[in-house]
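Have a look at the structure below, then the notes.
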């Protein structure tokens, strides 16, 4: 951003950028004049005038629209010539989110971010940390006869994600892991044996992967987060049910990274205490069998 420029310099920069945009888009002075509804002599003056005077907002806006650049760029208020619509289109994308374990789009994002820290607020327990028994219980109603085949095909991807050279920080609501342990809400009907197996699996993963994998629990009565994954400095992706919404612009990534930092900072169960919390839940499940 170039907000504090002398008026004469800004006028000179306007002429340079206007001429550059016309040249790159092969737009003549006559054609530009027709597009913005002025005389050709007006455009000639815009390009040749050596004074400190800038054209009015109508002319600047017309030039920007006709040449496909932003008015802010012409006025040296931005270093990006793209229009706001083009910037938004380049930084925001939507893609379908099929009901699958690790669909192709998610797996590509993980591979792209290999080596970077990945921060994750899952919609349920993270799929990459679930046992096969939990995956079968959860996905069989959606995948039908192909459930076993789909789970088998996904296991290598889940293994790759766990073994990739990325640090994982996972933040979940406290009620999510407690609902799982007590088989309430989303997890209603899940047998004690499957729950105990999953808790033991989480304990083993914590022992194997800490500190490269850290799990935090936050109080959803105090904080809220939509399901989101932040892939290092590259992008952040929201899960919206049927679609993923991905942002690649730096400001949005930094904003949601700060949001994740708040979840970690305000966690009621820190990563180093997560195994002890799991053991308490395991005892409760065992006593309730």
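Values for this structure:
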| quantity | calculated |
| --- | --- |
| Extension gain, residue 262 back to residue 223 (0.36 nm per residue minus Cα-Cα distance, nm) | 13.2 nm |
| Shape call, segment 198-286: gyration tensor on alpha carbons, a/c limit 1.5 | prolate |
| Orientation-averaged projected area, Cα convex hull of segment 93-288 (nm²) | 10.5 nm² |
| Rough spin-label spacing in nm, given labels placed 7 Å along Cα→Cβ, for residue 212 and residue 56 | 6.5 nm |
| Directionally averaged projected area (convex hull, Cα atoms, segment 7-82), nm² | 4.3 nm² |
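Laboratory data are not the source of any read-out in this text; all were calculated from the coordinates shown. Note that the structure is a prediction, hence the values are computed from the model and not measured. Glycine gets a Cβ as well: all are built from the backbone with ideal geometry, and neighbour counts include every protein chain shown.
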